[in-house]
Amino acid sequence: MSTLSTMWTCHWAGRRIQRYLDADPAAPLTAQEAHRLHRHLATCAKCASAAEDFRGLRRALATWSQHRTPDPQLAARVRDTARQLIAEDAG
């Protein structure tokens, strides 16, 4: 495959990797596009690495979004303690 052809295929794939991984219903890939992307990712280390980066980002965001919010009672106690310390410092 020529360098220009490889560059064009990488460009084509790069514009579709995230759509494919996100299964974006607003911009779904056709079965033929998905097959072509799979073939390209199997042979192109650069694009396969980009796909893995997107997967890692998705995992990190999923983990981050699962963090619980602070306990409201604990937050209230921290605020009360901070107000008390500020009042003591001012007084």
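When restricted to residues that are closer than 22 Å to A62 by Cα, outside any helix (DSSP H, G or I) and among the hydrophobic types (A, V, I, L, M, F, W, C), the stretch 1-27 contains 3.
State whether one or more residues within the stretch 53-74 are more than 20 Å from the chain's Cα centre (by Cα) and hydrophobic (A, V, I, L, M, F, W, C). There is at least one residue in the stretch 53-74 that is more than 20 Å from the chain's Cα centre (by Cα) and hydrophobic (A, V, I, L, M, F, W, C).
Within the stretch 5-28, residues that are under 15 Å from R55 (Cα atoms) and surrounded by fewer than 12 Cβ atoms within 10 Å (Cβ to Cβ) have Cβ atoms under 6 Å from residues that are among the hydroxyl-bearing types (S, T, Y) and modelled with pLDDT of 85 or more in no pair, counting only partners at least 6 apart in sequence or on another chain. For R79, the test of being basic (K, R) and modelled with pLDDT under 80 is failed. The residues of the stretch 28-72 that are among the acidic types (D, E) and either part of a helix (DSSP H, G or I) or at pLDDT 90 or above (or both), listed by number, are E33, E52, D53.
If you filter the stretch 31-48 down to residues that are in contact (Cβ under 8 Å) with a residue 12 or more places away in the chain, surrounded by 15 or more Cβ atoms within 10 Å (Cβ to Cβ) and not charged (D, E, K, R), you find that the one that is nearest to T3 (Cα to Cα) is C44.
The values are calculated or read from the model by the stated rules, or taken from the named source; none is laboratory data. Quick caveat, the model's predicted, so the values are computed rather than measured. All Cβ positions, glycine included, derive from the backbone under ideal geometry; neighbour counts span all protein chains shown.
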